[in-house]
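Comments concern the structure below.
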Amino acid sequence: MKMNIYAWPQFSRRFVPIWQRNYLVWKKMAGPSVLGHLADPVIYMLGLGFGLGAMLPEIGGMSYLAFLSAGTVCYSTMNSASFEALYSGFARMHEQRTWEAIMNTPVTLDDIVISEIAWAASKSLLSGVAVLMVIWLLGLAHTPLSLWIIPLSLLVGLCFAAVALIVTALAPGYEFFMYYFTLVITPMTLLCGVFFPVDQLPTMLQGVSAALPLTHAINLARPLLNGAIPAHVMWHVAVLLGYSLLGFYLSLVLFRRRLAQ
Amino acid sequence: MSSVIRAAGLRKIYGGQAVVDGIDLEIRRGECFGLLGPNGAGKTTTLRLLLGLLGPDGGRVELLGQAIPQQAREARQRVGVVPQMDNLDPDFTVAENLLVYGRYFGMSDDQIEARLPDLLEFSNLTAKRDAKVPTLSGGMKRRLTLARALVNDPDVIFLDEPTTGLDPQARHLIWQRLRELTARGKTLVLTTHFMDEAERLCHRLAVMDNGRIISQGSPRELIADNIEPEVVEVFGETAAEWAKTATQFADRFELSGESVFCYVRDAHPLLHELQRHPELRYVHRPANLEDVFLKLTGREMRE
């Protein structure tokens with residue numbers, strides 16, 4: 001019987017022990033990891049926010065620093081999930097052969113891919129909470145609506161983990177990930193309203209921006225941090241979920257193809 | 001004796017080439033079964049097919065009564081695997097590696113903890129319980145990999161070249177442990193290209209080449225079926241020249257560099273002839289599995 005690489009994914013709770021494994025590894029290096037989650041966004045927010053923000057007027061009724069903070073939450077959670085699913089995921093799959101060891105047990109590749117997404121999303125959650133605390137400490141958000149950033153971080157994590165896994169499944173080596181960062185992640189940060197409002201872009205680029213998941217994450221995060229209920233909540237959530245599901249299925253098919261060699 | 005693994009007409013094709021080309025196997029409970037063959041013969045692919053990690057392009061597999069690959073998950077619940085390349089978790093200690101691996105079988109932490117002392121003792125790693133993997137020697141890593149494969153108390157253990165890269169001491173310790181496992185009634189399936197390993201450990205063997213099984217049986221049967229019982233190896237610069245003049249003394253000659261392998265049913269006339277050639281050195285020994293292997297798969301290098 002040939003295995004069908006396009007088969008519908010089989011969900012089971014067997015991804016939990018893999019998540020626990022990754023957590024145990026992470027716990028051993030939690031200090032540097034948390035510092036990493038905090039340092040980068042804080043440097044951006046303070047550097048750009050105070051430096052650039054001092055020269056800029058308010059944007060849509062908020063200071064530039066407050067404007068930037070919403071972008072930074074999404075940007076950080078996107079990066080956390082992407083790095084985890086690309087570099088660490090590739091190490092587990094290829095270099096350390098952790099997946100191979102796991103697949104010799106009753107755990108299957110489907111469980112492993114689910115665990116990778118769940119784990120990367122957990123790292124995003126951590127990252128999102130870390131940035132949110134900085135935002136609170138800087139007094140940039142005074143609203144209980146800002147708590148919604150926590151589930152949003154998880155959703156953004158699922159989305160970017162799933163998309164990044166497609167790249168991991170195709171990668172011959174670590175160098176390959178530079179293409180993804182240079183051609184996808186960097187343009188995305190510039191097009192999706194992290195540093196400036198999307199409506200500053202030419203109309204054509206605004207169309208591109210509307211198709212990118214980071215735009216939808218920021219369209220949710222920015223009003224929430226500013227104490228307003230976002231417009232078109234269901235639409236933005238649906239786009240992020242759509243990318244998650246599509247990324248999950250595509251990467252699973254590609255991993256099945258890759259590992260059946 | 002009941003069989004724990006049955007394969008019929010097993011085929012796997014990569015890029016138009018059959019890597020496994022119609023294999024039939026029946027492996028019985030409690031035996032140590034060896035898959036022997038040169039690199040690229042299809043041994044590892046066969047193991048992966050038996051485990052349900054690959055879908056075959058033809059044929060059927062049954063492992064512990066389960067259809068493979070459809071019921072591979074259920075079957076692997078009672079299987080242990082020692083892979084060819086180490087894939088221990090380098091960030092973990094010895095004990096953590098066993099704990100984390102046991103969870104993949106759905107075992108509770110208490111169940112795994114209860115098994116730890118036995119597993120550590122079996123693998124001579126009790127003193128290394130809290131040592132990190134990178135600090136272990138090659139032999140210790142192999143033993144830990146073996147202990148890890150036993151964490152779920154499996155009925156069948158697959159070992160892909162279990163002693164490749166080990167020094168003789170480490171290799172002997174692994175062999176001893178594997179014999180203990182068969183003594184406990186476990187079924188072992190191993191691949192190897194070490195003939196002494198196969199001869200010492202395996203009750204039955206299958207010699208593979210180019211994806212096919214070319215001979216099967218106990219080590220003694222393989223020797224009796226395939227080759228003359230005695231071998232005289234003759235060395236020296238003039239050995240090849242000498243062999244041309246001595247064809248009547250042996251059933252078969254094989255030339256390899258400056259050595260001539262003479263396969264004989266009765267070595268006495270040949271040994272007598274060699275007394276007349278003091279410039280040649282020689283070794284007289286019974287035929288072994290390596291002779292069978294080289295006869296069946298050829299002496300040329302595989303690269």
Less than 12 Å Cβ to Cβ from B:Leu47, Lys/Arg counted +1 and Asp/Glu -1: what total charge do the surrounding residues give?
+1
Of the candidates A:Tyr64, A:Leu48, A:Thr98, the farthest towards the positive dipole end of the protein assembly as shown (Lys/Arg Cβ +1, Asp/Glu Cβ -1, centred on the Cα centre) is A:Tyr64
Of the listed pairs B:Lys132/B:Lys186; B:Lys12/B:Lys43; A:Lys27/A:Lys123, which have alpha-carbon separations greater than 18 Å here?
B:Lys132/B:Lys186
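Write down the accessible area per residue of segment B:228-286 in Å², having rolled a 1.4 Å probe over the full set of protein chains.
Spelled out: the 1.4 Å probe surface of segment B:228-286, per residue, equals 59 Å².
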All-pairs alpha carbon distance profile, the protein assembly as shown, 10 Å steps from 0, percent
3, 15, 21, 19, 15, 11, 8, 4, 3, 1, 0
Per-selection Kirkwood Rh - chain B (Cα, Å, 1 d.p.)
21.3 Å
To make sure I understand the rule: partners must be aspartates and glutamates, Cα under 18 Å from the Cα of B:Lys128, and not fewer than 8 residues away in the same chain. Which ones qualify?
B:Asp86, B:Asp89, B:Asp91, B:Glu96, B:Glu113, B:Asp118
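Need one number for segment B:70-183: average projected area of the convex hull over its C-alpha atoms, nm².
Values: hull surface 28.3 nm².
The orientation-averaged projected area of the Cα hull of segment B:70-183 comes to 7.1 nm².
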Show me the helices of chain B, taken as full DSSP H stretches, that run 18 Å or more along their long axis by Cα and average -1.0 or above in Kyte-Doolittle hydropathy.
B:109-122, B:168-183
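Return the calculated 222 nm mean residue ellipticity for chain B, to the nearest 500 deg cm²/dmol, obtained by summing -39500 (n - 2.57) across DSSP H runs with n ≥ 4 and dividing by the residue count. Numbers along the way, then the final one.
Working: 11 runs with 105 residues, N = 303.
Estimated from H runs of four or more residues: -10000 deg cm²/dmol.
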Given +1 on the Cβ of Lys and Arg, -1 on the Cβ of Asp and Glu, and no further charges, what dipole in debye does segment B:228-286 carry about its Cα centre, rounded to the nearest 20?
100 debye
If the only charges are +1 at each Lys and Arg Cβ and -1 at each Asp and Glu Cβ, what is the size of the charge dipole of segment A:29-259 around the Cα centre, to the nearest 20 debye?
180 debye
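Which translational diffusion coefficient, to the nearest whole µm²/s, is obtained for segment B:119-253 from the Stokes-Einstein equation, given a Kirkwood hydrodynamic radius over C-alpha pairs, 37 °C and 0.692 mPa s? Don't skip to the answer; put the middle values down first.
Details: Rh = 18.0 Å.
Rounded to a whole number, D works out at 183 µm²/s.
In debye to the nearest 20, how big a dipole does the protein assembly as shown give about its Cα centre with +1 on each Lys and Arg Cβ and -1 on each Asp and Glu Cβ?
Values: 51 positive and 54 negative charges, 264 e Å.
Roughly 1260 debye, rounded to the nearest 20.
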Chains A and B: how much accessible area gets covered up at their contact, both sides added, probe 1.4 Å, in Å² to the nearest hundred?
2800 Å²
If you fit an axis through the alpha-carbon atoms of helix A:233-259 and take the longest principal axis of the Cα set of chain A, what angle between them do you get, 0 to 90°, nearest 10?
30 degrees
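Just the number, please: carbon plus sulfur as a percent of the accessible area of segment B:228-286, 1.4 Å probe, no ligands or DNA/RNA counted.
On the way: 1870 of 3480 Å².
Carbon plus sulfur share of accessible area: 54 percent.
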Per residue, accessible area of chain A with a 1.4 Å probe, heavy atoms of protein chains only, in Å², comes to 45 Å²
1.4 Å probe, heavy atoms, protein only - residues of segment B:87-115 losing at least 20 Å² accessible area vs chain alone:
B:Asn87, B:Asp89, B:Pro90, B:Asp91, B:Phe92, B:Glu96, B:Val100, B:Tyr101, B:Arg103, B:Tyr104, B:Phe105
Return the long-range amide H neighbours of B:Leu159 (sequence gap of 5 or more, or a different chain), with a cut-off of under 5 Å between placed amide H atoms.
B:Val82, B:Val189, B:Leu190, B:Thr191
Accessible carbon and sulfur surface of chain A relative to its total accessible area, %, 1.4 Å:
72 percent
Burial of 10 Å² or greater, segment A:103-151 residues [accessible area, probe 1.4 Å, versus chain by itself]
A:Met103, A:Asn104, A:Thr105, A:Pro106, A:Val107, A:Thr108
Got a sec? Charge dipole of segment A:111-261, +1 on Cβ for Lys and Arg, -1 for Asp and Glu; which of A:Gly139, A:Met188, A:Ala118 is way out at the positive end?
A:Ala118
How are the alpha carbon pair distances in segment A:29-259 distributed across 10 Å bins from zero to the largest one, expressed in percent?
8, 33, 35, 18, 6, 1
Give me the angle, in degrees from 0 to 90, between the Cα long axis of helix A:64-83 and the longest principal axis of the Cα atoms of chain A, rounded to the nearest 10.
10 degrees
Just to be sure I understand the interface: list residues from segment A:16-48 that lose 10 Å² or more of accessible area between the chain on its own and the complete protein assembly, 1.4 Å probe.
A:Pro17, A:Gln20, A:Arg21, A:Leu24, A:Val25, A:Lys28, A:Met29
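Cβ under 9 Å from B:Leu190's Cβ, B:Leu190 left aside: what net charge do those residues give with Lys, Arg +1 and Asp, Glu -1? Each step should come with its number before you reach the end.
Working: positive: none; negative: B:Asp160, B:Glu161, B:Glu197.
So the environment of B:Leu190 carries a net charge of -3.
Would you mind finding the longest exposed-site-free stretch of chain B, with exposed trypsin sites (Lys or Arg not before Pro) meaning DSSP loop and at most 10 other Cβ atoms within 10 Å? Intermediate results must be reported in sequence, preceding the final value.
On the way: sites that count: B:Arg184, B:Arg265, B:Arg276.
Longest site-free region, per DSSP loop and neighbour criteria: B:1-183.
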To test your reading of the geometry: what angle, between 0 and 90 degrees and rounded to tens, separates the Cα axis of helix A:109-137 from the longest principal axis of chain A?
20 degrees
Bins of 5 Å, beginning at zero and ending with the bin holding the largest distance: percent of Cα pairs per bin for segment B:10-120, please.
2, 10, 17, 19, 17, 15, 11, 7, 3, 0
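The values are calculated or read from the model by the stated rules, or taken from the named source; none is laboratory data. Because the structure is a prediction, the values reported are computed rather than measured. Glycine also receives a Cβ, built like all others from the backbone with ideal geometry; neighbour counts cover every protein chain displayed. When the accessible area is computed, the model is the full protein with side chains, heavy atoms only, and any ligands, DNA or RNA have been set aside. Shrake-Rupley method; radii C 1.70, N 1.55, O 1.52, S 1.80 Å.
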